[in-house]
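The values are calculated or read from the model by the stated rules, or taken from the named source; none is laboratory data. Bear in mind that the values here come from a model prediction, so they are computed numbers and not experimental data. So basically every Cβ, Gly included, is an ideal-geometry build from the backbone, and we count neighbours across all protein chains shown.
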Amino acid sequence: MRLSIKLKVIGTAAIAVVLCLLISLYANWKSKENIAVFQHITTVNLPNIQVLADMEKSGILLEAVANMLIGSQYSADSYKEASEQYEKAIKLYSENAKKYESLPFVPGEEAVWEKFQSEFWQEYAQNVKKIIDLSGTGKASDITARDDFAKESWKKIVERRDKEFDSLMAFQENEISSKSGHAIEEANLLSWLVPLILVVAGAISIFLAYLLGAQIAKALLTITHKVKNSSELVENSSTQIAASSEQLSQANVEQAASLQETSSSIEEINSMISANTENARKSSDLSEKSLLTAEKGKKKVDQMIVAIDAINTSNNEIVKQIDETNAEIENIVKIISDIGNKTKVINDIVFQTKLLSFNASVEAARAGEQGKGFSVVAEEVGNLAAMSGAAALEITKMLETSTKSVESIVKNSKEKIGKLIVNGQEKVETGTQVANECGEVLEEIVQSVSTVSKMIGEISTATQEQAQGVQEITKAVAQLDQVTQENSSTSAQAANSADELSQQAQILSQLVSDLLVNVEGREDKVANLEKVNHNVTPITKKAPAMKSLRVSNGFPSASDGRFTDV
């Protein structure tokens, strides 16, 4: 993205302002840090030192109380005064300890303070209290014990007290020294770093301003050179425009003659389009009739498919009826088989009857004369049983023959009828398939005829639109003839305008020279630049009329096909 000169100037100034602002913010930030350090010293460290000094006074006061009692004899007044001074010192210490604890602790300070409280001060106060208590009894043994304790431990206790308080003081002093030293270093750093950064920022700003000025000057020089080249091209183009205007006038005359010939040709085309329109209308009527005929054929094929489906349904019903008949015949065969079974039972009865007749004959023979009548009866019964057996045997043979004949008939009927039905179904399916294919072909014919009918209708409509278009073209040709005549007069005006354009180009060239003088600052350098840039001259041959008209769309450049470098 190319920035404007305004944005570049504003950007350069903004960079300088931002650098100064950053320097100010950095200096302000460091100043606030130093102020915070000194505020911490004055509000925390120094009050802590003062409080520690007051607490040390309490310790010294306790030491004075103990020293007052050590080495002296019992005295009620001294004991009372020592007790009062002890309580005063303890109270003063407690108040100062609360003040110390109310102030914020720095890292590590709280552990040192808690160690001081728990490991030293309580023991120190108890030792002083022990000396006071031993002094207050008035017993010689307690006085001796007090003095012995003082000789052995009191000096070490006092030295430890001084050491512990010095440790707390040293902690605060080290904290003050560290923070103040760091603050002083930061202040010294700012004292030379800020001016240095200002100098660097100034140098950067000057450098950026120099680059911006050089870039702006370069851009203005480039623009002025391009404008000067364009003015020269415009001056040359204006000359060619004048020549092209004359050629355009001649071309308009020729165009008018061509328009007249075009008008007569369009009239002939119009008559041909009218004939095509009539033929398209007749074709559309025939196509509609063909469509109706194809639709009727499709309906007949649909009816044939329905009839074939009905035949197929009827065949299926015949198969069903034959299956039922076969089932009934099988039932007859079953009944005959049952009769055969019953006949076997009769044969068994006949056999038993013969056996009984034989037994009766035997018994009649045993009876003699008295059994003759019974013997005759037994013989007749035997004869009847023989006749029944012969009849039952004949019936059995007839039933077996009938059963085999019926089964053979059923089997042959099933095979023959099955073959006939399968052949009939195959033929029906073939007929159905052929009818469906005929229906599909007729459907395609109907769709094709419908498509052709639509296309013929569209052709008829398009032909009518073409006829209207030709009429409009005829009107346009007439208007174009009129415009051509107007262009002839416009060409003359263009020639006059080209002369004025040439004069304006000369004025523009002079203005560019003045601008170059203002940008470069020296006329001799501008003259050299003008000599260098006078390297574009028009070609000797004339540009075509249509190509010269394109100059109106914008100024020509050095890449224009009508110009060449020399």
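Can you tell me which residues in segment 87-109 are over 13 Å from residue 44 (Cβ atoms) and either acidic (Asp, Glu) or in a helix (DSSP H, G or I) (or both)?
Hits for segment 87-109 are 87, 88, 89, 90, 91, 92, 93, 94, 95, 96, 97, 98.
Name every residue in segment 281-299 that is free of Cβ contacts under 8 Å to residues at least 12 places away in the same chain and farther than 14 Å from residue 453 by Cα, in order of residue number.
The answer is 296, 299.
Need the failing condition index for residue 516 against (1) modelled with pLDDT under 75; (2) more than 30 Å from residue 216 (Cα to Cα); (3) outside the structural domain of residue 284 (by TED's automatic domain parsing), just the number.
Here residue 516 meets the rest and fails (2).
Testing residue 292 on (1) under 60 Å from the mean Cα position of the chain (by Cα); (2) at pLDDT below 80; (3) loosely packed, with under 13 Cβ neighbours inside 10 Å; (4) of a type in the set (A, V, I, L, M, F, W, C), one condition comes back false. Which one is that?
Status for residue 292: all satisfied but (2).
With the requirement that a residue be at pLDDT 75 or above and either surrounded by 13 or more Cβ atoms within 10 Å (Cβ to Cβ) or in contact with an Asp or Glu (Cβ under 6 Å, 6 or more places away or on another chain) (or both), what does segment 183-202 give you?
193, 197, 198, 201, 202
Being of a type in the set (Val, Ile, Thr) and either within 30 Å of residue 97 (Cα to Cα) or surrounded by 15 or more Cβ atoms within 10 Å (Cβ to Cβ) (or both) narrows it down to one residue among 143, 206; which is it?
One residue alone meets the criteria, 143.
Kindly establish whether residue 376 is part of a helix (DSSP H, G or I), aliphatic (A, V, I, L, M) and touching an Asp or Glu at 6+ places or on another chain (Cβ under 7 Å).
no
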